[in-house]
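The values are calculated or read from the model by the stated rules, or taken from the named source; none is laboratory data. A quick note: this is a predicted structure, and the numbers were derived from the prediction, not measured. Counting neighbours? That spans all protein chains shown, and the Cβs are built from the backbone with ideal geometry, glycine included.
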Amino acid sequence: MRHGRETSESPFEGEVTDMRARRDETTRGGAGRAGFLVATVAALAVATTGCEVTNPGPVQDQFLNSPEARAGVVAGMVRAMSDVVSAGCGPALSRQGGAVAREIFPAGNTGTCGITVAEARGELPFDEENGIWTEAQNARWVAEDGIERFQETMEGSAFESSALVAEAHVWAGFANRMMGENFCQAVIDGGEAQPNAVYFERAEQYFTDAIQVAQAAGESDLVTAAQAGRASVRLYLGDYAGAESDANAVPKAFSFDLPYSNISQDQRNTLWWSQQSTPYRTITVWNTPNWDYYQDSDDPRVEWATDPEHEFGDAAREIIGGNVPFLLQLKYQSGDAPVDLADGREMLLVRAEVLLQDGDWEGAMDLINELRTDVGVAERSASNSQEAWTYLKAERRIELWLEARRLGDLRRWSEAGTPGDLHPLEDPSNPDSYLVSDPDLCFPISETERNTNPNIG
């Protein structure tokens, strides 16, 4: 499978007068980021307090360095991550990447809240994916720049034991992991193109720092969130002992979520909003692996339903030559439904994959079946390592459904030549998948980055 190919209006309305916010302007999304943080503080204040807050608009960058602004700076990190993963009708990894990975299928229009013609085929052209690149780089930059602000303006001992600093490192870790899982190459603040493993290496360091600061701050939940994030990153980096150690430290009931809000349309969970018929019905569970799996298993993790008022999506799709059956995903049942970034259940699958790497497929199946027993579905029975790998790949598809994680799994397994089969509807050789023969498994460096960054050839 091919691993990448590559518009964008800037999503930021706020501007700052201080040139510090423009120091990496060659990287997309560089201009206006500090103004974006201030607008985010206002929006999140409404979501968290219920009070009416007026967006102050453009402010001087220096005001973001005050102690009173620190909580707002962290809130900006959260909002930036929420935007790129699954917010509103703009670029969203869970919708666009989910279509390529066949977690969802295109059901309607190709524009607002939709899936493009290319994405429907499993293609991610560099000149059509500027928006998602901009949003993702912004999420990484906002978190990393916030940490730099804190370090520059806080005393050493205060910085090293601050709950806000610990949380900022957690968000920087998840932002880099998100880019590693979804983007073909790494570009850091106008630098040259590097292997995408750079994102995972940066994520690992941010998570490690988060653990140290969170422990000093007495923030046990942030320690656990960072351990869970680091376990998933170490799996990508091939540090299986480290991944297993971190995964073992995370309770099965633990979860760390990315919030969404009904305050405005652009803060709603896109996978709910895209199927509400007001007016969008752009996504469907039809013709995806979990479409038939749910019919066979009643697994509550991948529940979907028909809509008695709407048999089809909101527009015909050329990919199937007509209207697409409309089936609603029920994982997210409201606009403010959060998206898991890491949880203890995923950690059992990290441990299972480590056991498979070590040849202990029976032990891996025990962990897979523990998860299945928890939700009341039939256990799997494997007779060899090949079958156990197939079930591991399926269980990650089920557990991490619609969390903007599947593209990364598909790519790393493809690159490593990992044993085990994918579902037929994930297989491009199957004509019923409607995928091109060599689908893209990551988002490329965007056209805008190529045009504005002199270090990109």
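Numbers for the structure displayed
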{"item": "One residue from G88, G114, G98, G122 being among the small types (G, A, S) and over 25 Å from P428 (Cβ atoms)", "result": "G88"}
{"item": "Within the range 232-249, tally of residues that are under 30 Å from G88 (Cβ atoms) and surrounded by 24 or more Cβ atoms within 10 Å (Cβ to Cβ)", "result": "2"}
{"item": "Members of the range 162-184 that are among the aliphatic types (A, V, I, L, M) and buried (at least 24 other Cβ atoms within 10 Å of the Cβ)", "result": "V165, A166, A168, V170, A172, A175, M178, M179"}
{"item": "Helices (runs of 4 or more DSSP H) contained entirely in the range 211-308, each with at least 2 residues that are under 25 Å from H169 (Cβ atoms), modelled with pLDDT of 95 or more and touching a Lys or Arg at 6+ places or on another chain (Cβ under 7 Å)", "result": "220-237, 240-248"}
{"item": "Hits in the range 250-262 (condition: surrounded by fewer than 17 Cβ atoms within 10 Å (Cβ to Cβ) and either over 20 Å from the mean Cα position of the chain (by Cα) or over 11 Å from A342 (Cα atoms) (or both))", "result": "P251, K252, A253, N262"}
{"item": "The range 142-185, residues that are of a type in the set (D, E, K, R) and in contact with a Leu (Cβ under 8 Å, 6 or more places away or on another chain)", "result": "R149, E167, E181"}
{"item": "Of all residues in the range 194-215 being in contact with a helix residue (DSSP H, G or I) (Cβ under 6 Å, 6 or more places away or on another chain) and among the β-branched types (V, I, T), the one that is nearest to G408 (Cα to Cα)", "result": "I211"}
{"item": "Residue among A118, A80 that is in a helix (DSSP H, G or I), touching a helix residue (DSSP H, G or I) at 6+ places or on another chain (Cβ under 8 Å) and at pLDDT 95 or above", "result": "A80"}
{"item": "Residue satisfying all of: in the range 333-366; under 24 Å from E167 (Cβ atoms) and not hydrophobic (A, V, I, L, M, F, W, C); surrounded by the fewest Cβ atoms within 10 Å (Cβ to Cβ) among these", "result": "D336"}
{"item": "Number of positions in the range 395-421 that are crowded, with 20+ Cβ neighbours inside 10 Å and of a type outside the set (F, W, Y)", "result": "16"}
{"item": "Residue in the range 139-155 that is farther than 20 Å from T284 by Cα, in contact with a strand residue (DSSP E or B) (Cβ under 6 Å, 6 or more places away or on another chain) and among the small types (G, A, S) present", "result": "no"}
